[in-house]
Amino acid sequence: MTAFAHRHLLAIEPLAAEDLTTLLDLGERFLEIAERPIKKVPTLRGKTVINLFLEPSTRTRTSFEIAAKRLSADAINISGSASSTVKGETLLDTARNLDAMSPDVVVVRHAQAGAAEMLATRIKAAVVNAGDGAHEHPTQALLDCSTIRAHKGRIEGLTVVICGDIRHSRVARSDIWALTKLGARVRIAAPRTLLAPGLEEMGAGRVSVHERLEPALEGADVVMMLRIQKERIGGALFPNTREYSRYYGLNARRLAMAKPDAIVMHPGPLNRGIEIDPSVADGPRAVILDQVSRGVAMRMAVLYLLAGGEAGASE
Ligand code: NCD
């Protein structure tokens, strides 16, 4: 049995490098299931996974659902507009009612930072954080690390640029923790208004902050672009999207400043023409759809470990 001594997956911050490697290794064993004519193993037969998504999601929600189904778990999906939270029920009441139906895992996405952690202390099921406000999105970091490992052969010693709306990005936070724990250097690039305090302290001296994209790109192995999180921005934090893309958009000219074999990543959804030029997003260096494919396998690993699947995972 694989050693993973956590009951929930709430964040990357508290995990050890060995935990990350365990999850990545196991997830990569699940990748081949997507290539089979019958994409299903009986591993989690009889287990129940509830996906409680109280914020919009295409990739993450579908990915968790497919992951659960490929492992033969029963997957139930509840989205914000279809749940009783619109009738005024609190998240905790909703979750307690769902918990009374004995699910094994509850996957939760919520606009409030700390939502998943709060549920983990109050319900019996294992809880997976599928994104809590601007705090963390741990399975995104796993799929990002797996993608980097696959294309670069390692993570240790690489230079990864993360550019965009860092201040509101749970993806950036989870990736900074994961990448630095695994020995990469992270260069954050963003206008001052979209930076967050304390970034340099997050990664044991491996994080640097740049207010311009171009110097950060020099010699980079990986360039990860993030969306402006319009739904989380209260006031005007940058002049307009045209101006933003002029200074912080990734185009072919800027990408040429990174290493010749640098890969381009994006968690989606893309805002084409703002943070990334279509020619780069669709170009040969982009691994954006590989990120999505790996997401299913990484979520299979998480569900497998938390729902207590049997040994012999990928048979
Ligand atoms: C991200 C999210 O929701 O945090 N998307 C995702 O899960 N792939 C990033 C975003 O919304 O920009």
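The values are calculated or read from the model by the stated rules, or taken from the named source; none is laboratory data. Because the structure is a prediction, the values reported are computed rather than measured. Cβ placement follows ideal geometry from the backbone for every residue including glycine, while neighbour counts extend to all protein chains displayed. The accessibility values were calculated without ligands, DNA or RNA, using every heavy atom of the protein model including side chains. Shrake-Rupley method; radii C 1.70, N 1.55, O 1.52, S 1.80 Å.
Miscellaneous remarks
- Scaling against 2.2 N^0.38 Å puts the C-alpha radius of gyration of segment 152-229 at 0.97.
- Take segment 138-292 with all the other protein chains still there, run a 1.4 Å probe, and you get 41 Å² of accessible area per residue.
- Surface share of carbon and sulfur [accessible, 1.4 angstrom probe, percent] for segment 1-95: 53 percent
- The shape of segment 138-292 comes out rounded: with a ≥ b ≥ c from the C-alpha gyration tensor, a/c is under 1.5.
- Linear extension gain, residue 87 paired with residue 246, 0.36 nm per residue minus alpha-carbon span: 52.9 nm
- Of the accessible area of segment 138-292, computed with a 1.4 Å probe over protein heavy atoms only, carbon and sulfur atoms account for 50 percent.
- Simple point charges give the picture: +1 on the Cβ of Lys and Arg, -1 on the Cβ of Asp and Glu, and for the chain a dipole about the Cα centre of about 460 debye.
- Solvent-accessible area per residue, Å², over segment 1-70 with all protein chains present [probe radius 1.4 Å]: 50 Å²
- Tail beyond 27 Å, pair distance distribution of the chain (Cα, percent): 41 percent
- Of the residues 151, 210, ranked by 1.4 Å probe accessible area with the largest first, the sequence reads 151, 210.
- In the chain, Cα pairs under 8 Å separated by at least six residues give a relative contact order of 21 percent.
- Estimated 222 nm signal from helices in the chain, with DSSP H stretches of n ≥ 4 weighted -39500 (n - 2.57), rounded to 500: -10500 deg cm²/dmol
- Pairs spanning more than 28 Å between alpha-carbon atoms, out of 69/230; 47/181; 40/87; 181/259; 40/230: 69/230; 47/181; 40/87; 40/230.
- When the surface is traced with a 1.4 Å probe over the full set of protein chains, residue 154 keeps roughly 110 Å² accessible.
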